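For reference, the structure is listed below as structure tokens.
Values quoted throughout were computed directly from the atomic coordinates according to the rules given, and no laboratory measurement underlies them. Because the structure is predicted, anything quoted here is derived from the model rather than measured. Cβ sites come from the backbone with ideal geometry, for glycine too, and all protein chains shown count toward neighbours.
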């Protein structure tokens, strides 16, 4: 990670921001980047806290913690879950790739 912030470094934030903006507008509905960024961070941080675990095993804990983690996000867990899962998967994939 290229930042000292837990979960998402600057490169990761840029990746997720670009991915968010490339989604069709109807898929984003009335949400903005600031609604989604806490969910991406939450998923990445959750993976880093339990890198040997599975998202599905952590999901109920993540759902109950979303109200605190969401900051000013307007996403309900049902929408935030998708972004958190994607960030968990990306963090896992990056952690498990072969070093160059």
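Tabulated values for the structure
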{"item": "Sequence of 86, 10 once ranked by neighbouring C-beta atoms within 10 Å, starting from the fewest", "result": "10, 86"}
{"item": "Overall dimensions of the chain as given by Cα atoms, namely Rg and Dmax in Å", "result": "13.1, 40"}
{"item": "Ranked list, fewest to most other Cβ atoms within 10 Å of each Cβ, for 47, 42", "result": "47, 42"}
